[in-house]
Amino acid sequence: MDKKLERILPRVQKPARYVGGEYNAVVKDRARVDLRVAFCFPDTYEIGMSNLGMRILYGVMNQMEGVWCERVFAPWGDMEAEMRENHIPLYALESGDGVAGFDVVAFSLGYEMAYSNVLNMLDLAGLPLRSTDRPGLGPLVVAGGTCAYNPEPLAPFIDFFVLGEGEEVTPEYLQLYRRAKAEGWSKGRFLRAAAQIEGIYVPAFCAPIYKEDGTLAEMRAVEGSGAPETVRKRIVEDMDSAYFPVETIIPSTEIVHDRVMLELFRGCIRGCRFCQAGYVYRPVRNRSREQLADQGIRACQDSGYQEMTLSSLSTSDYPDLVGLCDDLEGYCVGHHVNLNLPSLRADNFSMALAQRLSRGRKAGLTFAPEAGTQRLRDAINKNLTEEDLLQSVRTAFSNGWSAVKLYFMLGLPTETDADVLGIADLARKVYFAWRECAANRARGVRITVSTSWFVPKPHTAFQWEAQITRAEYQRRVDLLRDAFQRDKSITYNWHDPETSYLEAVLARGDRRLADVLEAAWRRGARMDAWSEYFDFQRWVDALAECGVDGDFYAHRERSRYEVLPWCRIDTGVTPAFLRRERQRCYDSKTTPDCRTQCSGCGASRLLKGGVCNG
Amino acid sequence: MADYRLTFSKEGRAVWISHLDLLRTFQRAFIRAGLVVRHSQGFHPHPVMSFVLPLSVGQSSACELLDFSTEGALEEASLPQRLNDCLPEGIRALACAAPVKPVRELDGLLADVSLCYDSGVPAGAAEAIAATLLGESVIVAKRNKKKQLADTDIRPMIRAVTAEAGEDRLVLHAAVQAQNPGVNPGLLAAAVERHLPFLRPDAVQVRRRALLDRSGEPFR
């Protein structure tokens, strides 16, 4: 281990997250690899190691002959200060080698508030922030993940973005890079070739042209680049033949999701109109029950974990969930393994599942009705009725649960005060359901209502909507808080508005926000997802310094004809479908789920057969 | 007493694994190796496993002891190899046997405390340090049971110290009392900083070499 590093580790919190050496970490011989990838997660070790996508791509890359993929995380503040003071550049955990010496530096972008960490990590690595200041072929800075669906705010910093699922496209671009390196290509030549790979968006080949009113006139393809008009995201068609990390790194220190994560399927059949994941991960593709049971058990055996999560966007929509639980149950009971089923929908939370879950410890149950009235739930296409929810909580209460969390959003399109107050009514009905059905009334009940401030996201039916103003959000929070004043069993929490505002600015931002990001980072922004570090004033100052009006991005409704910064990105779902869905919202009309009836969103075109297996 | 006592070493990157994390790491390694550790009875069953004398984060050791019980008997001789295939880098199982003595009979420990001086070990440091540590009293700030820092005399717990000066490091070979009360060998370096501030090292490394019983034999 590096001597300088050894000296600073005794002074930092949780040093185990900075040293690597975990079970199943991949260590290769430097002399026997010709392509080195630094896989960077722009948050702490505990968050990054909990990310299943990172584990999948780590496995995919390290399976490749001659490729060594290593992990890099953002250091916590104390460690960053020590690293800067002692001139230790950002290094990869497996080898301890500095990131600047790698061929490819790949970032996983999960949420907007991590953007400042991307810049900070590039800087800690000793790399110039902007792509144009890195003229050589390597290190190539690439990024993928959910936020890549609107890559524009990060465009000047990243050489290319990877859209969609990375299992297939990653080896493709790595092979191309290997050839470019061997043949001594220039960076420009490599990027022109990379742009021909489906799913790769090279921001340098697309120039935003603005109108006088500040909106986009066009995203113009740069002449001679040969880049395609639109870049379509990549998907894995057959989940059963896709790589799954059965043998994966088991951290020696505790992480956030410290358990086996079994991915049941990708995509979601529901089509909630606010949900970016529900649109951009289409179409639905299931893993088979037999394979899941086998992988789940082998993952428990190899990891030694005694907890397994069945993960997906909506776990109860897995076609044979009860059957899968049956398959896993024998092993789990015999080996003290707890089975977790998050993301259950309130409408089909079946008795059988409740009983199965209740065998373990009864942690709290969380439901997300999202809106307080049926009208608004229909408008956002959250196909959940009040009776479904109440039936589910009755089942839960009579099976012995005594804590329920309810999640809602404030500021959804078409929301009125009646909808806001509907949240309080619904929470009270949940309370009365407990009075009626509680297995043990003496234990009391805890009902927690949380509201967040709705952030319109790209590629959703609400991508044209304005986020309500902060004053209006606060008024609605106050309205609801007053409504709860006399309910002693109900706790009301609301989300901090400052982060939600910045999320709204960045989520639908264009390339002009890159300067703001850099200015905010220069003012000290990093770890913005952590309240310990987040400072709204830095961002306000950065926006002012760059002459950018944040409200223009957050609170302005876009016309349906406006050119959107992400218009060159094709998720498979057509803009026509999104417009139709938005209109149905205003008509308070629901759209059936994909299994009931195909609504022609366009995502099936991504499949060779053209038919979803939802 | 537990059914088995495992001897293992903890070195390299693994020295940064904390006590609780190490417990979890072993629990998982046992499962990977197909060993069923006995669980406590009760509402929240947990595996019956404990370290004889937990090691501070950052210190290495050639002689860690883990007591555990299993459901059913196991073959002691092959256990270290079975576990080693399942442990992270830096932790190596060395031997496994039934415990000979109860933990209360653990008496002393041997440790090497390396004081690193980047610009060379100052002349006369070895003699000065040995004399100080074996002097009348050795006061260090130590956390008491109320978690407050308080000055404590650790001299009664220091049994022997020899200092060996090398080029850029001075190694203290120390024998100290292990419990009731014990002293962390790392405090010897703290004592040097306090009593001989001009000999403050640039870095300190502690390596635990042996745990001893009352007769001075390796504790088993």
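Since every read-out is calculated from the coordinates, none of them should be taken as a lab result. Quantities reported herein were computed from a predicted structural model and do not represent experimental measurements. When we count neighbours, we look across all protein chains shown, and the Cβ atoms used for this are built from the backbone with ideal geometry, even at glycine.
Observations on the structure shown:
- Among the chymotrypsin sites (Phe, Trp or Tyr not before Pro) found in the stretch A:508-590, those both in a DSSP coil and sparsely packed, with 10 or fewer other Cβ atoms within 10 Å of their Cβ, are A:561.
- Sequence-distant residues sharing a close amide H with residue A:494 (under 5 Å, placed H): A:451
- Built amide H within the under 5 Å cut-off of residue A:221, gap 5+: A:207
- Based on DSSP H segments of at least four residues, each scored -39500 (n - 2.57), chain A has a per-residue ellipticity at 222 nm of -10500 deg cm²/dmol.
- Computed over the stretch B:1-119: relative contact order in percent, which uses C-alpha pairs under 8 Å that are six or more apart: 41
- C-alpha long axis of helix A:52-63 to longest principal axis of chain A, angle in °: 40
- The average projected area of chain A, computed from the convex hull of its Cα atoms over all directions, is 27.5 nm².
- Charge tally in the Cβ shell below 12 Å around residue A:595, where Lys, Arg are +1 and Asp, Glu are -1, residue A:595 excluded: -1
- Dipole of the protein assembly as shown, positive direction: furthest Cα of A:445, A:121, B:137, with charges on the beta-carbon: A:445
- For the segment A:245-255, counting C-beta atoms of other chains within 10 Å of every residue's C-beta and taking the mean gives 4.
- Partner chain coverage, peptide B:19-25 - average Cβ within 10 angstrom: 4
- In degrees, nearest ten, helix A:470-483 long axis to first principal axis of chain A (Cα): 30
- Of the trypsin sites (Lys or Arg not before Pro) found in the stretch A:492-573, those that fall in a DSSP loop while having at most 12 other beta-carbon atoms within 10 Å are A:560.
- With only Cα atoms counted, chain B has Rg and Dmax values of 19.1, 61 Å.
- Once Rg and the Kirkwood radius are both taken over the C-alpha atoms of the stretch A:25-112, their ratio Rg/Rh works out to 0.97.
- Looking at the stretch A:192-298, the trypsin sites (Lys or Arg not before Pro) that sit in a DSSP loop and have at most 15 other Cβ atoms within 10 Å of their own Cβ are A:211.
- Working note: Debye formula, equal point scatterers on the alpha-carbon atoms of the stretch A:3-232, no solvent; log10 I(q)/I(0) at q = 0.10 Å⁻¹ is -0.46.
- Order of A:531, A:131 under a 10 Å beta carbon neighbour criterion, fewest first: A:531, A:131
- Our summary of shape: the Cα atoms of the stretch A:107-163 have principal axis extents of 27, 20, 15 Å, ordered from largest down, in whole angstrom.
- For residue A:403, residues with placed amide H under 5 Å, excluding near neighbours: A:365, A:446
- Note on the stretch B:105-213: Cα-only Rg and Dmax are 13.5, 43 Å.
- Note on the stretch A:516-565: Cα-only Rg and Dmax are 13.3, 41 Å.
- Acute angle (nearest 10 degrees) that the helix A:497-507 long axis makes with the longest principal axis of chain A, alpha-carbon atoms: 50
- Centre-to-centre separation between the Cα atoms of the stretch A:538-601 and those of the stretch A:121-139: 32 Å.
- Longest to shortest principal axis, alpha-carbon extents of the stretch B:4-99, angstrom: 34, 31, 24
- Simple rule: put +1 on each Lys or Arg Cβ and -1 on each Asp or Glu Cβ in the protein assembly as shown, find the dipole, and look at A:99, A:171, A:274; the Cα lying farthest toward the positive end is A:274.
- FRET efficiency for the residue B:73 to residue B:213 pair, using the beta carbon distance and R₀ = 35 Å, is estimated at 0.85.
- Under the criterion of Cα pairs below 8 Å and six or more residues apart, the relative contact order for the stretch A:532-614 equals 24 percent.
- Where Rh is the Kirkwood radius over Cα pairs, Rg/Rh for the stretch A:133-204: 0.94
- When the P(r) is computed for the stretch A:436-480, the part past 13 Å accounts for 70% of the Cα-Cα pairs.
- Prolate/oblate/rounded label for the stretch A:452-578 (Cα gyration tensor, a/c 1.5): oblate
- Here the Kirkwood formula puts the hydrodynamic radius of the stretch A:123-246 at 15.7 Å, using every distinct Cα pair.
- Integer Hz, Karplus 6.51/-1.76/1.60 couplings in order for the stretch A:197-214, x for Gly and Pro: 7, 4, x, 10, 10, 9, x, 5, 8, 9, 10, x, 10, 9, 8, 5, 7, x
- In range of the label at residue A:414: residues from the stretch A:263-307 whose backbone nitrogen is under 15 Å from the point 7 Å along Cα→Cβ: A:272-275
- Label-point separation, residue A:291 to residue B:196 (7 Å along Cα→Cβ), nm: 6.6
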